[in-house]
1. For segment 21-59, give me each residue that is within 14 Å of Ile294 (Cα to Cα), of a type in the set (Ser, Thr, Tyr) and surrounded by fewer than 24 Cβ atoms within 10 Å (Cβ to Cβ).
2. For the subset of segment 154-202 comprising residues that are surrounded by fewer than 21 Cβ atoms within 10 Å (Cβ to Cβ) and within 12 Å of Phe232 (Cα to Cα), which member is farthest from the chain's Cα centre (by Cα)?
3. When you look at Gly120, is it of a type in the set (Gly, Ala, Ser), touching a residue at least 24 places away in the same chain (Cβ under 8 Å) and assigned to a loop (DSSP other than H, G, I, E, B), yes or no?
4. Taking the criterion of being in contact (Cβ under 8 Å) with a residue 40 or more places away in the chain, over 30 Å from Glu83 (Cα atoms) and in contact with an Asp or Glu (Cβ under 6 Å, 6 or more places away or on another chain), would at least one residue in segment 176-199 satisfy it?
5. Check whether at least one residue in segment 76-83 is more than 18 Å from Ile109 (Cβ to Cβ), outside the structural domain of Cys135 (by TED's automatic domain parsing), modelled with pLDDT of 95 or more and not basic (Lys, Arg), and report yes or no.
6. Which residues, taken from segment 37-62, are free of Cβ contacts under 8 Å to residues at least 60 places away in the same chain, within 20 Å of Gln78 (Cα to Cα) and among the hydrophobic types (A, V, I, L, M, F, W, C)?
7. Mind listing just one residue for me: the one in segment 125-153 that is closer than 17 Å to Leu280 by Cβ and among the acidic types (Asp, Glu) and, of those, surrounded by the fewest Cβ atoms within 10 Å (Cβ to Cβ)?
8. Among the residues of segment 203-248, count how many are more than 18 Å from the chain's Cα centre (by Cα), buried (at least 19 other Cβ atoms within 10 Å of the Cβ) and part of a loop (DSSP other than H, G, I, E, B).
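The values are calculated or read from the model by the stated rules, or taken from the named source; none is laboratory data. Bear in mind that the values here come from a model prediction, so they are computed numbers and not experimental data. Positions of Cβ are backbone-derived with ideal geometry, glycine not excepted, and every protein chain shown enters the neighbour counts.
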Amino acid sequence: MLYDVIIIGNGPAGLTAAIYGMRAGLKTLVLSDNPMSGGQIATTYEVDNYPGLPKISGMELGDKFEEHAKALGAEFQQGSVSEIEDRGDYKVLHTDGGELETKTVIISIGADHRKLGVPGEKELTGMGVSYCATCDGAFFRNKEVAVVGGGDVALEDAIFLSRFASKVYLIHRRDEFRGAAVLQDQVRANEKIEIIYDTVVDEVVGKMSVEALQLSNKKTGEKTTLPLQGVFMAVGTDPNVEGMAGLPEQDARGYLIAGEDCATSIPGIYAAGDVRTKQLRQVITAAADGANAITSIEKYLNGQK
């Protein structure tokens, strides 16, 4: 069976692509090794920045995306892809369930936030541990929070969170930041932000929610406990590209190089959502990518005929 498009990944980008693909009359398959749709948002307790659906749980939002795609007739299949083979006019996906043939491919396998890997981090994710300040910052109004990191994202997160939180601790393992000088100046001038240099997080403490951080000073060895209600990890993200061969051109960090049209270095292969090079990685931008990718595919397929 030859599909018009196979979408690898069932997050917001992939599911939106499925919706637009079916509306465009394309034979569409969504392929993912994760039985739960939604990508990263599936583990988000509450999403409050997707237009028209305030305070919806991430799992419910993911379900709504999937239900919409299925209602239009999109096919779904569980499986992992080891290689995308380009055969010119069509592509072959090598999966753990066999080979699949398609005229075009959308890679929407997302990215994952880097973890500190300390005790309590995983257990309290969604209960005070967050990886997205713009997603969750408003939930910490008048509370004390920390941001862990030293790059642009960490500095921007600290500034953003200071609009809501009563106090923001910016914890960095070095004695100077890597972020832009203008951001450093803004952080230092912000009375709500307290910088803690040369320090690492040993443990996130809490039962039902975050209650404190256990910290160690790397230079002195001193250990302290910092009471607070939330912690935002800003130590980077990595695209979920490991273990897949035949990928299009990537940047130095592994993200698939593609613009707003989602076209990659290989004709007929498109990248959508968090896995592609882009400024902002949010549900709404991922959904937009899914729509753009299908629009590009329509033009590509029309050009073949």
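1. none
2. Phe160
3. Numbers: of a type in the set (Gly, Ala, Ser): yes; touching a residue at least 24 places away in the same chain (Cβ under 8 Å): yes; assigned to a loop (DSSP other than H, G, I, E, B): yes.
Yes, satisfied.
4. no
5. The answer is no, given that none of the residues of segment 76-83 is more than 18 Å from Ile109 (Cβ to Cβ), outside the structural domain of Cys135 (by TED's automatic domain parsing), modelled with pLDDT of 95 or more and not basic (Lys, Arg).
6. Of everything in segment 37-62, those that are free of Cβ contacts under 8 Å to residues at least 60 places away in the same chain, within 20 Å of Gln78 (Cα to Cα) and among the hydrophobic types (A, V, I, L, M, F, W, C) turn out to be Ala42, Met59.
7. That would be Asp152.
8. Total satisfying the criteria: 4.
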